[in-house]
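Values in this text are rule-based calculations from the coordinates and carry no lab data. What you see is a predicted model, and the numbers here were worked out from it, not measured in a lab. A quick note on method: Cβ atoms are made from the backbone with ideal geometry, for glycine too, and the neighbour counts reach across all protein chains shown.
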């Protein structure tokens with residue numbers, strides 16, 4: 001009896017997620033300007049539904065909350081299926097695959113920033129610059145030294161972490177406005193340096209960076225009916241999942257707890273014997289490592305990088321992803337990336353107003369929901385510890 | 001040119017830039033005093049100052065006027081654009097600065113950054129051909145049309161630049177008088193020292209905040225007009241870097257201290273103009289060098305030139 005119920009639950013979850021998945025596909029496909037109104041109507045309708053039918057909404061919520069692993073598995077399966085299904089449904093699927101990959105890259109950068117800004121409360125307005133350090137490192141190694149592209153990715157991450165260590169070592173004790181100013185200056189300095197140093201291409205940037213090549217198999221080659229970026233799609237998907245897992249473990253471990261302690265009350269943390277300087281540096285370098293890795297993937301996939309890709313406007317976009325989604329919350333960061341990267345791509349009508357709308361959106365979100373759309377919840381250590389005691393779940397079973 | 005005249009020229013350029021940076025930095029430091037926020041959109045308020053004065057110049061047909069009416073119109077334009085931008089400043093403060101000022105520094109910083117972007121983009125989109133750089137009319141040169149520029153040992157000082165410098169110095173002098181000698185100034189200083197106690201002593205804090213934002217924004221507008229006259233061209237994103245520089249100058253001088261902000265503004269300007277002149281390819285790297293100086297200050301003297309040392313209270 002119970003087993004049958006479980007099966008029904010899985011079926012329900014799978015069907016709901018598949019429905020959403022196909023709705024998104026349709027959203028990608030339709031080209032007319034009415035899509036804006038239709039989407040708004042759909043979102044409004046859904047919100048209205050949740051308001052009117054509170055009981056059903058609650059039961060769906062409970063269903064999703066109690067079967068986390070199923071939800072995630074179905075989601076990953078759907079994402080794995082995307083390159084196979086999308087050419088059938090969407091005519092211009094190559095473009096959308098590229099957008100999805102870019103969203104993945106932004107999720108990685110934003111998760112890196114989330115460790116710094118969300119968990120530790122350290123403002124970093126130079127995230128695009130560290131992303132650029134990764135991109136340039138990978139580009140230079142692959143282009144000038146002919147390193148295999150796959151090896152340049154972790155090296156680029158380490159390079160970004162090292163650069164951040166060198167830059168932050170003298171100034172990591174500053175906080176608040178001052179740290180914002182320092183990182184802003186770092187961003188300007190690195191962008192100006194990239195623009196003026198001829199060795200790394202100057203304003204022209206780096207061209208023809210070789211793509212990832214695994215045992216003679218070029219990642220940009222077209223296989224059968226699939227589109228151009230399929231290999232990269234799977235590669236980035238895997239890395240994003242890896243980043244999410246690492247971030248999740250980071251958040252739930254005592255390291256994440258320590259970082260949040262420093263964010264909330266540094267003097268108290270120091271008083272309890274937390275070596276806050278060490279942890280701050282750790283959080284800064286870890287975050288910059290993620291940014292560097294993401295930058296390397298971008299450089300290898302697109303094959304062309306130049307200084308305008310890594311300027312303050314980009315840093316601001318990444319900061320907005322973290323702020324609007326919800327600080328110190330992985331799900332929030334992902335939602336923020338989807339809102340700020342995918343949705344503007346669809347509404348080409350508003351391209352001209354896009355940056356202005358970013359600005360207004362940041363102000364409105366900060367005024368109405370200062371903790372982001374999905375604010376961080378308290379860590380549920382107690383529940384998981386109790387669960388472990390009862391033999392139901394491991395210590396990291398749920399968040 | 002002899003080397004002394006080169007130095008004179010650089011010093012003069014530094015003074016010209018410094019007076020503009022100081023006027024912006026004073027705003028940052030005033031706002032930080034009364035609200036404990038960094039108003040990152042202040043650079044864009046400076047940009048609005050330049051644009052609104054240009055609009056007023058065409059609106060009043062300044063170019064066709066002559067004689068006494070020209071001077072009266074000119075003064076009117078200066079005052080009107082300062083008042084207008086001061087009003088804008090108060091509006092921005094009400095919309096996006098004061099409501100977030102109670103949150104963490106990160107929040108207020110982002111909100112004002114977002115506000116700045118919105119302002120900048122609004123000008124780009126809604127101003128006619130806003131994304132191009134605009135030629136700022138040479139409004140002051142008409143006053144000195146018949147006269148030769150002053151030459152001092154091979155260095156040329158243009159009259160209109162000297163006039164800008166004098167106007168800037170007068171503005172700072174008046175600000176100093178206002179803050180130090182009037183009752184309102186006393187209230188501003190009291191609020192900056194301790195807002196709650198000031199309120200208990202009968203200071204209307206909200207009014208003081210409005211007044212402070214009005215004054216700070218009006219001074220930024222003056223800096224914007226000066227910038228337009230000095231460079232002869234304005235563009236919608238001129239405020240982005242000006243805001244960062246103004247903030248840096250305020251920090252270098254010591255946040256919350258008006259004279260510190262002025263000193264910081266001049267220091268930043270001199271570092272920039274000297275590095276542009278003496279370091280090879282300096283004009284490309286001058287911002288980098290100036291920011292490096294700011295970072296050095298933050299490392300070795302985080303309280304700034306004139307700031308007090310702040311101890312963290314638990």
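Relative contact order for the stretch A:104-192: what percent, with Cα pairs under 8 Å and sequence separation of 6 or more? That works out to 37 percent. Its DSSP H runs of at least 4 residues, each contributing -39,500 (n - 2.57), put the calculated 222 nm mean residue ellipticity of chain B at -24500 deg cm²/dmol, to the nearest 500. Normalised by 2.2 N^0.38 Å, where N is the number of residues, the C-alpha radius of gyration of the stretch A:245-295 stands at 1.21.
Across all directions, the average flat footprint of the convex hull enclosing the Cα atoms of the stretch B:1-130 is 11.5 nm².
Translational diffusion coefficient of the stretch A:22-137 (Stokes-Einstein, Kirkwood radius from Cα pairs, 37 °C, 0.692 mPa s): 184 µm²/s. If you take the Cα centroid of the stretch B:116-130 and the Cα centroid of the stretch A:94-143, the two points sit 28 Å apart. Computed over the Cα atoms of the stretch A:126-193, the ratio of the radius of gyration to the Kirkwood radius (Rg/Rh) comes to 1.06.
The C-alpha atoms of chain B define a longest principal axis, and helix B:105-126 lies at about 40 degrees to it. Normalised Debye scattering of chain A at q = 0.10, 0.11 Å⁻¹ gives log10 I(q)/I(0) of -0.73, -0.89, counting only Cα atoms as equal scatterers and leaving out solvent. The angle between the Cα long axis of helix B:258-278 and the longest principal axis of the Cα atoms of chain B comes to about 40 degrees, rounded to the nearest 10.
On a per residue basis, the convex hull of the C-alpha atoms belonging to the stretch A:254-384 measures out at 160 Å³.
Spacing of the modelled spin labels on residue B:233 and residue A:77, each 7 Å from Cα toward Cβ, amounts to 6.1 nm. Across chain B the C-alpha pair distances fall into 20 Å bins from zero in the proportions 32, 58, 10, 0 percent. Fewest neighbouring Cβ atoms within 10 Å first, the residues B:21, B:231, A:82, A:131 line up as B:231, A:82, B:21, A:131.
Across all Cα pairs in the stretch B:220-307, the calculated P(r) in 5 Å bins from zero up to the longest distance comes to 3, 15, 20, 24, 21, 13, 4, 1 percent per bin. With bins 20 Å wide beginning at 0, the percent of Cα pairs of the protein assembly as shown falling in each bin runs 16, 46, 30, 7, 1, 0. Using C-alpha pairs below 8 Å separated by at least 6 residues, the relative contact order for chain B is 36 percent.
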